[in-house]
Amino acid sequence: MSLDIRKVTATIGAQVLGADLSRPLAPEEVAAIREALDVHKALVFDDVDLDDEGQQAFARHFGDLTTAHPTVGAVDGAPNVLPVDSERGRANHWHTDVTFVLNPPQASTLRSITVPPYGGETLIASSAAAYRDLPEPLRRLADTLWAEHTNDYDYAVPDEEIDAERAAQRARFTSIKYRTVHPVVRVHPLTGERGLFIGGFAQRIVGLSAGESRKILDLLQAYVTRPENVLRWRWSPNQLVLFDNRITQHYAIDNYDGQPRRLHRVTVAGDVPVGVDGKESYSIEGDASHYTPVATPDPAPVAA
């Protein structure tokens, strides 16, 4: 094994060279990739020779797979693969994948299928760096907050752009309504790091009005999306990006003039988030058992 891990920015992101993802990985390779993911939050693999089955096999090295999505259809014949296709909507809003369910995915893989000649980058932000950036009074406040996450709106289709086709997309997206309460500060189960666990599906702070909630969420979100905390990745053909969905957010930039852009996403089942007080997230509405099993992570080390 000769993996070469090269940082892309000081805060988030690394390229991984020397890994042949088209074959089963040795345990020491999986451990090295997992360690790099814990450190860098997002990993990029170039020149991957993978089809949908190969992408799923790679993702399975890190745990059981979810199905493609709780409410959105999968690739034909591949129930664990979600087509991230510009023709089906554009996720140009900051979010963490599927946080409206009780146990969102622990990790996401994205593989480039069709890349526009320009634009179409994916931004990935470190919510751990955002938490570290908070002034101490804000950090103490955030540690105590819980937020309700819901899919009862479509982050990929703004209200002002709704037409009949997009109204149908929205209806599919919300065909099962989910409401789940997560800690605003999540403790990572493997590293013990704290990160801001918010993003586009977080709609209300428990105990506060919608207006008050929005002000606080916007304030905290501004730390997540600081340029210093963001990896801006320009896609090339045959690339795969693996990111830790427990401690990042991402955003697909709609800057490619409506040209075709398609990625395939495969996600790894996650655990139930835990806050700094040791309490777990809880569900208010919606059963996601058809979408994801609940992972049981190794105990986190004691944070310094």
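Going by the structure shown, is Asp49 part of a loop (DSSP other than H, G, I, E, B), surrounded by 21 or more Cβ atoms within 10 Å (Cβ to Cβ) and of a type in the set (D, E, K, R)? Against the criterion (part of a loop (DSSP other than H, G, I, E, B), surrounded by 21 or more Cβ atoms within 10 Å (Cβ to Cβ) and of a type in the set (D, E, K, R)), Asp49 does not qualify. Select from the range 221-270 the residues that are surrounded by fewer than 20 Cβ atoms within 10 Å (Cβ to Cβ) and charged (D, E, K, R) and write down the one among them that is nearest to Gly63 (Cα to Cα). Across the range 221-270, the extreme among qualifying residues is Arg262.
Can you find a residue in the range 64-72 that is part of a loop (DSSP other than H, G, I, E, B), of a type in the set (Gly, Ala, Ser) and either surrounded by fewer than 24 Cβ atoms within 10 Å (Cβ to Cβ) or in contact with a Pro (Cβ under 7 Å, 6 or more places away or on another chain) (or both)? Yes, the range 64-72 contains at least one residue that is part of a loop (DSSP other than H, G, I, E, B), of a type in the set (Gly, Ala, Ser) and either surrounded by fewer than 24 Cβ atoms within 10 Å (Cβ to Cβ) or in contact with a Pro (Cβ under 7 Å, 6 or more places away or on another chain) (or both).
For the range 49-72, the candidate set comprises residues that are of a type outside the set (Ser, Thr, Tyr) and in contact with a helix residue (DSSP H, G or I) (Cβ under 8 Å, 6 or more places away or on another chain); within that set, the residue that is nearest to Thr180 (Cα to Cα) is Val72.
A Cβ distance below 8 Å, combined with a sequence gap of six or more or placement on separate chains, defines the contacts here; from the range 10-34, residues that are free of Cβ contacts under 8 Å to residues at least 24 places away in the same chain reach residues that are assigned to a loop (DSSP other than H, G, I, E, B) in the pairs Gly18/Met1; Gly18/Ser2; Gly18/Leu3. Here is a check on your reading of the model: is Ser281 in contact (Cβ under 8 Å) with a residue 12 or more places away in the chain and at negative phi? For Ser281, the condition - in contact (Cβ under 8 Å) with a residue 12 or more places away in the chain and at negative phi - is met.
Scanning the range 121-140 for residues that are part of a helix (DSSP H, G or I) and either of a type in the set (Lys, Arg) or in contact (Cβ under 8 Å) with a residue 40 or more places away in the chain (or both) returns Ser127, Ala128, Ala129, Ala130, Tyr131, Arg132, Asp133, Leu138, Arg139, Arg140.
Put simply, of Ala26, Ala31, Ala42, Ala10 the only residue that is surrounded by 17 or more Cβ atoms within 10 Å (Cβ to Cβ) and either more than 26 Å from Leu220 (Cβ to Cβ) or among the small types (Gly, Ala, Ser) (or both) is Ala42. Against the test of being over 18 Å from the mean Cα position of the chain (by Cα) and not in a loop (DSSP other than H, G, I, E, B), the options Arg6, Arg34 yield a single qualifying residue, Arg6. Evaluate the range 10-26: report whether one residue or more is among the hydrophobic types (A, V, I, L, M, F, W, C), over 17 Å from the mean Cα position of the chain (by Cα) and assigned to a strand (DSSP E or B). Yes: one or more hits. For the range 171-200, name all the residues that are modelled with pLDDT under 80 and surrounded by fewer than 17 Cβ atoms within 10 Å (Cβ to Cβ). Matches in the range 171-200: Ala171, Arg172, Thr174. Selection of the range 170-228 for residues being within 16 Å of the chain's Cα centre (by Cα) and assigned to a loop (DSSP other than H, G, I, E, B) yields Val184, His188, Pro189, Phe197, Ile198, Gly199, Gly200, Phe201, Thr225.
Taking Leu208 as the residue in question, decide whether it is aliphatic (A, V, I, L, M) and surrounded by fewer than 20 Cβ atoms within 10 Å (Cβ to Cβ).
Judged against the criteria, Leu208 is a match.
Just to verify a result, which residue in the range 60-116, among those that are at pLDDT 95 or above and of a type in the set (Ser, Thr, Tyr), is nearest to the chain's Cα centre (by Cα)? Filtering the range 60-116 for residues that are at pLDDT 95 or above and of a type in the set (Ser, Thr, Tyr), the one nearest to the chain's Cα centre (by Cα) comes out as Thr96. Being more than 13 Å from the chain's Cα centre (by Cα) and at pLDDT below 95 is not true of Gly119. The combined condition, being hydrophobic (A, V, I, L, M, F, W, C), surrounded by fewer than 20 Cβ atoms within 10 Å (Cβ to Cβ) and farther than 30 Å from Ala74 by Cβ, is not fulfilled by Ala295.
The values are calculated or read from the model by the stated rules, or taken from the named source; none is laboratory data. Only a predicted model underlies this, so the values are computations on that prediction, with no experimental measurement involved. Methodologically, a virtual Cβ is constructed for each residue, glycine included, from the backbone with ideal geometry; neighbour enumeration extends over all protein chains shown.
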